[in-house]
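Here's the structure, in structure tokens; my notes come after.
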């Protein structure tokens with residue numbers, strides 16, 4: 001029952017995210033927000049997430065994940081309600097403040113993934129559960145992209161979408177309350193002392209991480225997330241300006257990625273028992289990063305829409321293969337005491353690359369064209385594949 005609740009939480013989280021992605025940028029551009037403003041909002045949120053996510057994960061290790069998950073979901077809901085309530089003002093300052101507030105609720109994704117590894121005990125169960133979570137999440141991403149895209153065609157589409165996003169947030173909080181309570185630990189004297197002790201333990205746990213076990217995983221994650229950040233910064237511009245894809249058709253393109261994601265995640269459940277039966281993770285990473293390298297090289301040089309989409313589908317297969325495998329290998333290596341902190345720190349790499357990729361993409365795209373940044377993504381993907389190839393013969397030891 002607990003795992004089903006976690007699957008539902010993961011699906012709701014991604015449904016919320018996909019609807020927001022479809023809604024936010026057109027709304028901000030419609031009230032006068034520039035590309036620079038969007039970059040500032042994204043970079044500011046990334047800075048908060050970079051430092052906040054590992055602390056939340058480590059607190060979850062020591063105090064239980066249910067409480068901190070409910071708090072993060074509530075913070076995100078408050079931020080989204082602010083946008084909805086003050087929407088008639090069309091204030092960019094209010095939007096900026098609301099996004100900063102939502103940044104403190106951003107660790108929900110990593111908390112949900114850590115809950116999966118808490119419930120699944122064996123490496124095989126964890127791997128299967130992560131693949132299922134990825135598949136269900138991709139399904140709801142597809143639903144959110146389609147729903148949000150079609151709603152945006154209406155006059156009040158952004159208001160309707162933000163209302164739905166807030167309702168999803170409420171349902172997520174109620175669902176999180178259904179999770180079993182963590183085992184109680186000896187209480188500290190007073191609530192203030194207990195909270196201070198939780199933060200102290202969180203920082204101490206992050207300092208004690210054995211980086212010899214994780215550095216190559218973090219490096220591969222950094223390289224592949226940098227690629228994804230650059231691609232995401234330019235994809236909408238390429239589709240709109242190079243191939244004239246806009247509105248609900250953009251939602252259909254995102255739906256295609258979700259279908260690839262679903263197919264990959266559920267196929268991996270079978271392939272890990274056959275093709276990858278003796279693989280501890282790095283063979284899958286090698287195959288995924290090679291596919292990613294080829295897809296970026298193809299997307300960056302394609303002038304025909306249909307050829308571009310072939311490489312786009314390849315990327316849609318490579319990303320879930322890499323992401324699910326990285327998380328699986330990481331949680332198998334991490335001990336129970338460091339699992340939440342290390343996984344949240346792992347997720348913070350996306351925030352780190354989120355500060356760099358929009359700036360890099362904008363400068364390169366302005367000077368050389370929108371597709372050149374995506375073509376250059378093949379370089380870090382190549383280095384990631386080399387690292388995975390060198391590591392795949394080495395045994396992975398779980399604590």
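Within segment 254-270, can you find the residues that are free of Cβ contacts under 8 Å to residues at least 24 places away in the same chain and either over 23 Å from residue 318 (Cα atoms) or surrounded by 15 or more Cβ atoms within 10 Å (Cβ to Cβ) (or both)? Of everything in segment 254-270, just one residue is free of Cβ contacts under 8 Å to residues at least 24 places away in the same chain and either over 23 Å from residue 318 (Cα atoms) or surrounded by 15 or more Cβ atoms within 10 Å (Cβ to Cβ) (or both), namely 267. All of 220, 238, 230, 290 fail the test of being surrounded by fewer than 20 Cβ atoms within 10 Å (Cβ to Cβ) and not in a loop (DSSP other than H, G, I, E, B), apart from 290.
In segment 365-381, which residue that is touching a helix residue (DSSP H, G or I) at 6+ places or on another chain (Cβ under 6 Å) and either surrounded by fewer than 18 Cβ atoms within 10 Å (Cβ to Cβ) or not in a helix (DSSP H, G or I) (or both) is modelled with the lowest pLDDT?
Going residue by residue through segment 365-381, those that are touching a helix residue (DSSP H, G or I) at 6+ places or on another chain (Cβ under 6 Å) are 365, 370-375, 377-378, 380-381.
In the following step, the residues that additionally are either surrounded by fewer than 18 Cβ atoms within 10 Å (Cβ to Cβ) or not in a helix (DSSP H, G or I) (or both) were identified as 370, 372, 377.
Values: 370: 81, 372: 91, 377: 94.
Per the stated criteria, the residue is 370.
When you check residue 329 against the structure, is it farther than 28 Å from residue 372 by Cα and modelled with pLDDT of 85 or more, yes or no? Against the criterion (farther than 28 Å from residue 372 by Cα and modelled with pLDDT of 85 or more), residue 329 qualifies. Residue 307 falls short on exactly one of the conditions (1) surrounded by fewer than 22 Cβ atoms within 10 Å (Cβ to Cβ); (2) closer than 19 Å to residue 221 by Cα; (3) over 16 Å from the mean Cα position of the chain (by Cα), and that condition is (2).
Would you check if residue 80 is closer than 27 Å to residue 222 by Cβ and modelled with pLDDT of 80 or more? Here the answer is no, as residue 80 does not meet what is asked.
State whether one or more residues within segment 347-357 are buried (at least 23 other Cβ atoms within 10 Å of the Cβ) and outside any helix (DSSP H, G or I). Within segment 347-357, not a single residue is buried (at least 23 other Cβ atoms within 10 Å of the Cβ) and outside any helix (DSSP H, G or I). The residues of segment 327-345 that are surrounded by fewer than 24 Cβ atoms within 10 Å (Cβ to Cβ) and under 14 Å from the mean Cα position of the chain (by Cα) amount to a single one, 345. If you go through segment 1-15 and pick out every residue that is buried (at least 22 other Cβ atoms within 10 Å of the Cβ) and either closer than 20 Å to residue 233 by Cα or free of Cβ contacts under 8 Å to residues at least 24 places away in the same chain (or both), you end up with 1. Mind checking which residues of segment 304-329 are within 17 Å of residue 234 (Cβ to Cβ) and touching a residue at least 60 places away in the same chain (Cβ under 8 Å)? Within segment 304-329, 305, 308, 315, 316, 319 qualify.
The values are calculated or read from the model by the stated rules, or taken from the named source; none is laboratory data. These numbers were taken from a predicted model, which means no experiment stands behind them. Positions of Cβ are backbone-derived with ideal geometry, glycine not excepted, and every protein chain shown enters the neighbour counts.
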